[in-house]
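Right, one structure below, let's go through it.
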Amino acid sequence: MANLKLAFRTLFKTPFVTVVAIMSLALGIGANAAIFSLFDQLLLRPLPVPQPERLVNLSAPGPKPGSQSCSQAGSCELVFSYPMFRDLERAQTVFTGIAAHRTFGANLAYHGQTLNGGGMLVSGSYFSVLGVQPALGRLLTTADDRTVGSHFVAVLSHSYWETHLGSNPGVVDEQIIVNGQSMTIIGVAPRGFDGTTLGARPQVYVPISMRGLMEPGFRDFDNRRSYWAYLFARLKPDVSMDRARSAINGIYKPIVNDVEAPLQKEMSAPTMVRFRAKEIKLEDGRKGQSSIHGEARTPLLLLFSITAIVLVIACANIANLLLARAANRALEMAVRLSLGATRRQLLIQLLTESCLLAVLGGAVSLLVAHWTLNVIASILPPDASESLHFQLQMPVVYFAAALSVGTGLLFGLFPALHSTRPDLVTTLRANSGKTSGARSAARFRTSLVTAQIALSMALLVSAGLFTRSLFNVSRVDLGLKADNIVMFRISPALNGYKPEQSRQLFERVEDELGAMPGVTAVTSSTVPLLSGNNWGNNVSVEGFKAGPDTDANSRFNEVGPGYFAALGIPLLAGRDFTRSDALTAPKVAIVNEAFAKKFNLGRDAVGKRMGNQGRTSPLTMEIVGLVRNAKYSDVKREIPPQFFKPYRQDENLGGISFYVRTTSDPEAFMASIPKVLARLDANLPVERLRTLPQQVRENVFLDRFISVLSAAFACLATLLAAVGLYGVLAYTVSQRTREIGLRMALGAAPSRVRAMVLRQVAVMVLVGGAIGLAAAVGLGRLAQSLLFELQGSDPVVLVGAAVTLTLVAMAAGFIPAHRASQVEPMSALRYE
């Protein structure tokens, strides 16, 4: 306590310097704590279940001929067919159980409240494998999942029950309408449990055997060539990962070779060899299954590295400050040592001061972290921000505390060691307490500033790369005119509509919207534009010969009349779709330039015939139009071969996205959309209402997220480096006052004195800048996958960063240089 009291008195003898130091540390620690909050949620935190380390995820890499359906739970390498899941579930002996799951879109209606949200189809073993207990009622069991289409039961998520149902304990055994089906509520999931797919927060859990009713048109429960279920399992206590892998493949491989291999058609011999050699892989399942784990790793590691560099620069500033203070306290240290104080006692005192400074900075950093998380939340799209927590949780507080103590020791150790080993005789004779300090301290201060410049250069280059990459993304030609378009989606099939009823509703929506003031065009598509969704299938095309291993795949979309005119996509040949392209009319299609090129159609595509049920399917569709290439699912991806069909010719249509072009303000126009839909069906929720430019921005949110944060942190780092450079030069000038006065008394001009100080700046910038540029090139190579149409060693960015840092450094050095040139020779010669 005595050391702590003395530390408080010492620090607040110079309140301005102490406050500056605390704020520098708060900015550095706060930035790291904010990024750690995301890092913890997305990459570190296990599922809130008992013994998550015993969970394993199953995957089956290799050929998957037939249909594949993937979701945000992971890539198509992970999915299994439903019959294979049941085979493995029945025969396995090394797991306590195997569970299957799959997210789905859900329209929920309870006592007149309607909501469009998410649900999760889960096997009866799902909750028992996880080992979770209900907050209310009971959870699904294997008895609720025995027969396809026969178990009308549901479990509510805790957040939905709490937010929308007011935590009503009487909901058990009541009815809730899920996608038009009346389901009995049997229980509520535990608090804090949001399923096993990061990024998806289901409101309801339904037996996986009910998928045919939750997603009308699905009929692939018995199809071994339809891959869509994600699997995980829990190891038995005495079973290792290797033993489990060997045992499960002992079941899997015979099924693949004896049951599934004979079902494959049109498969080449090499592909069949790879198909028969497939094996199940087991991976750590403690964090669940989500594509976000892989997608977020590189950006978060990069941002974590950037914020760590910012903190190092801040620490270097504080170390320089403590070294300067140590020089002024040399007499104090010498007197205390001469009076019998041990070096250990002085080290403890000085480290107490530095740790106190760091802890105060850490306390303020929690505010900085909170503000930074709010900024991050404003950048992220709604879907991403809803799946994350932006409040300061205890792991973040612990991290900030540990970082505070660690940085206190880091920047306080060298100044403490240096200041407790003075030459007692020399120091006491000086009798002023202001010695110039050892050469080692001066070299250390200069080295710290040079390192700060190097790190700032690396961050400026990285910020420049991401900013220019974002600029490249913003200039991408979408192939369509996105301005003044409002888009939204409705899914009447989820409310129990039959396909014919859905088609009738879509036509009424088109008519109602088209009659609104200011509306110039209305159209629609089943796959929403630039949403990241992809629909694809193998096709057959007149005149194109496809072998067993020939790539005959094309993306496709089902669209409404006037689709291309409404979106501003030029029609190069043929015609657009009209309302006469109905279910009973001849089947027609329109293709894009990439499709015509891939299948050797050229400009003569119109009039050719094609099929869309496989590479050898009958040519039942006539190509009636050729359109220019336009972006499909992603702004940054190359435009794929694509064909379009009229949505009116789809027998199982259940949901569609509308696009409304208006001459009025799109933001204001959006408010009228729900009113129009309410007149047609008050129980049908409007989904994903937004403008098309907003959709485009959300499609590239990761680029904007990284660019904004890296630029902000780079500016902060450069500012801290400039402050550090200014502090070192100001201190150096003050220590060399007598020398400078002597030089000027002997005839040195003020300009020469300024040049002397600025030359020191130039040397540090030259050395630090060169090191920083080399590090930046390496950093650019690591971040190459995140850059768009840009190399990690872009010369424009490198030169721009070098010029910017040089100007900032010279500006920081000019004030001490000018002050040195104003020294009065006589006053300086009498200085101390």
Only one of (1) in contact with a Lys or Arg (Cβ under 9 Å, 6 or more places away or on another chain); (2) crowded, with 18+ Cβ neighbours inside 10 Å; (3) under 28 Å from Gln92 (Cβ atoms) fails for His158. Which number is that? (3)
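Within segment 24-64, restricting attention to residues that are touching a Ser or Thr at 6+ places or on another chain (Cβ under 8 Å) and part of a loop (DSSP other than H, G, I, E, B), which residue is nearest to Tyr227 (Cα to Cα)?
Pro63
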Residues in segment 46-65: is at least one among the hydroxyl-bearing types (Ser, Thr, Tyr), open to solvent by 10 Å² or more (accessible area, probe 1.4 Å) and more than 23 Å from Ser387 (Cα to Cα)? no
Arg234 vs (1) part of a helix (DSSP H, G or I); (2) closer than 17 Å to Gly97 by Cα: all pass except (1)
For segment 618-656, enumerate the residues that are part of a loop (DSSP other than H, G, I, E, B), within 21 Å of Pro561 (Cβ to Cβ) and open to solvent by less than 30 Å² (accessible area, probe 1.4 Å). Ala630, Tyr632, Leu653, Gly654, Gly655
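Condition check ((1) under 30 Å from Ala200 (Cβ atoms); (2) aliphatic (A, V, I, L, M); (3) open to solvent by 60 Å² or more (accessible area, probe 1.4 Å)) across all residues:
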site: Ile251; (1), (2), (3): yes, yes, no
site: Val256; (1), (2), (3): yes, yes, no
site: Ala261; (1), (2), (3): no, yes, no
site: Arg276; (1), (2), (3): no, no, yes
site: Arg286; (1), (2), (3): yes, no, yes
site: Gly294; (1), (2), (3): yes, no, no
site: Ile313; (1), (2), (3): no, yes, no
site: Asn317; (1), (2), (3): no, no, no
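I'm trying to understand the selection: among the residues of segment 744-790, which are among the charged types (D, E, K, R) and either on the phi > 0 side of the Ramachandran plot or free of Cβ contacts under 8 Å to residues at least 12 places away in the same chain (or both)?
Of everything in segment 744-790, those that are among the charged types (D, E, K, R) and either on the phi > 0 side of the Ramachandran plot or free of Cβ contacts under 8 Å to residues at least 12 places away in the same chain (or both) turn out to be Arg752, Arg759, Glu789.
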Please give the helices (runs of 4 or more DSSP H) falling wholly within segment 105-217 in which 2 or more residues are of a type in the set (A, V, I, L, M) and more than 26 Å from Pro499 (Cα to Cα). 126-130
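Could you list, in sequence order, the residues of segment 296-311 that are open to solvent by less than 10 Å² (accessible area, probe 1.4 Å) and β-branched (Val, Ile, Thr)?
Initial filter on segment 296-311 (open to solvent by less than 10 Å² (accessible area, probe 1.4 Å)): 299-300, 303, 306-307, 310.
Passing the criteria: Ile306, Thr307, Val310.
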Which one of these is buried (at least 17 other Cβ atoms within 10 Å of the Cβ) and under 16 Å from Val178 (Cα atoms): Leu115, Leu108? Leu108
Wholly inside segment 668-774, helices (runs of 4 or more DSSP H) that include 1 or more residues that are at pLDDT 80 or above and of a type in the set (Val, Ile, Thr) are 673-680, 692-699, 701-735
Across (1) in contact with a Phe, Trp or Tyr (Cβ under 7 Å, 6 or more places away or on another chain); (2) surrounded by fewer than 22 Cβ atoms within 10 Å (Cβ to Cβ); (3) polar (S, T, N, Q); (4) within 21 Å of Pro216 (Cα to Cα), Ser81 clears everything bar (2)
Residues being of a type in the set (Val, Ile, Thr) and open to solvent by less than 30 Å² (accessible area, probe 1.4 Å) - total across segment 441-471: 4
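The values are calculated or read from the model by the stated rules, or taken from the named source; none is laboratory data. Computed from a predicted structure; not experimentally measured. Note: ideal-geometry Cβ built from the backbone for every residue, glycine included; neighbour counts use all protein chains shown. Remember, those area values only see protein heavy atoms, side chains included, never the ligands or the DNA or RNA. Shrake-Rupley method; radii C 1.70, N 1.55, O 1.52, S 1.80 Å.
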